[in-house]
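What follows is one structure encoded as structure tokens, with my remarks underneath.
The values are calculated or read from the model by the stated rules, or taken from the named source; none is laboratory data. Computed from a prediction, not measured in an experiment: that's the story for all the values here. Please note: Cβ atoms are built from the backbone with ideal geometry, for glycine as well, and neighbour counts cover all protein chains shown.
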Amino acid sequence: MLRTAMRHFFFAAQFAVLLACASTPTTASDASSMPKPAEAIAGDSTRWEADIAAFEQADSVVRRRPGGVVFVGSSSIRLWDSLAGDFPGVAILNRGFGGSRVRDSTFHAQRIITPYQPRAVVLYAGDNDLAEGRTPQQVRDDFVAFVAKVRQSLPQARIAYIAIKPSPSRQSLLPQARTANQLIRDYATQASGIDYLDVFTPMLDAHGAPRADLFLADRLHMNANGYALWAQVVGPWLDGL
């Protein structure tokens with residue numbers, strides 16, 4: 001009897017502690033230690049501040065003439081080391097920052113695009129967006145917002161969107177990439193001064209799979225062959241400006 005009574009007392013005490021913890025207000029310290037919602041983390045474009053500040057530091061020692069072409073976007077732009085050499089005679093400025101999404105270039109447009117007063121802007125972003133869970137429609141809407149942001153300060157600038165590439169490491173996202181590309185192509189067809197540059201189709205093999213010969217060992221970023229293919233697509237567009 002005594003042992004049973006003690007057991008009941010122990011469980012009652014535990015239950016009382018649990019109730020007390022549940023009713024205790026969360027302090028600011030507790031709240032700061034709690035994990036943030038995934039959407040809040042994904043939407044934080046300020047994470048690229050160090051990259052943007054580095055661009056501004058470079059601009060402080062090198063004069064940038066207006067009327068060039070600014071390439072912005074994710075690592076596929078940042079790693080395009082041959083960019084200027086691929087288009088001789090064109091004033092090219094690379095402002096890609098790895099891992100970024102479409103909305104990151106929109107957020108920082110006034111710092112990485114507007115100051116240079118370019119005649120044209122080329123954007124590559126979207127596959128990181130899809131990998132984070134953005135829908136093709138959201139990617140299209142993000143690009144529309146990017147165009148609106150650029151046009152606020154550069155109403156005459158030509159804007160091109162390089163299609164989301166088919167990476168072997170993200171082959172499961174090919175259906176979403178196709179849809180996002182088509183939505184952006186449709187928008188570009190109807191909008192003035194907006195162009196869609198299709199690198200997606202020539203980066204597929206005869207069976208519709210991503211061409212592994214265009215990628216590095218990580219199967220996500222491109223090698224020299226991949227960039228040579230991009231140059232073949234982007235070059236004629238630049239020639240027509």
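None of 171, 232 is modelled with pLDDT of 95 or more, within 18 Å of the chain's Cα centre (by Cα) and in a helix (DSSP H, G or I) except 171. Considering the conditions (1) of a type in the set (S, T, N, Q); (2) in contact with a helix residue (DSSP H, G or I) (Cβ under 8 Å, 6 or more places away or on another chain); (3) closer than 21 Å to residue 130 by Cα; (4) surrounded by fewer than 17 Cβ atoms within 10 Å (Cβ to Cβ), residue 225 is excluded by exactly one of them, (3).
Quick check on the range 179-201. Is at least one of its residues in a loop (DSSP other than H, G, I, E, B) and in contact with a strand residue (DSSP E or B) (Cβ under 8 Å, 6 or more places away or on another chain)? Steps first, answer last, please.
Here is the first cut: in the range 179-201, the residues in a loop (DSSP other than H, G, I, E, B) are 191-193, 198-200.
So of that shortlist, the ones also in contact with a strand residue (DSSP E or B) (Cβ under 8 Å, 6 or more places away or on another chain) come out as 193, 199.
Yes, the range 179-201 contains at least one residue that is in a loop (DSSP other than H, G, I, E, B) and in contact with a strand residue (DSSP E or B) (Cβ under 8 Å, 6 or more places away or on another chain).
Okay, residues lined up against (1) under 27 Å from residue 155 (Cβ atoms); (2) surrounded by 10 or more Cβ atoms within 10 Å (Cβ to Cβ); (3) modelled with pLDDT of 50 or more:
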{"residue": "25", "(1), (2), (3)": "no, no, no"}
{"residue": "50", "(1), (2), (3)": "no, no, yes"}
{"residue": "62", "(1), (2), (3)": "yes, no, yes"}
{"residue": "68", "(1), (2), (3)": "yes, yes, yes"}
{"residue": "73", "(1), (2), (3)": "yes, yes, yes"}
{"residue": "96", "(1), (2), (3)": "yes, yes, yes"}
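Among the criteria (1) without any contact (Cβ under 8 Å) to a residue 12 or more places away in the chain; (2) in contact with a Phe, Trp or Tyr (Cβ under 7 Å, 6 or more places away or on another chain); (3) among the basic types (Lys, Arg), the one residue 185 does not fulfil is (1).
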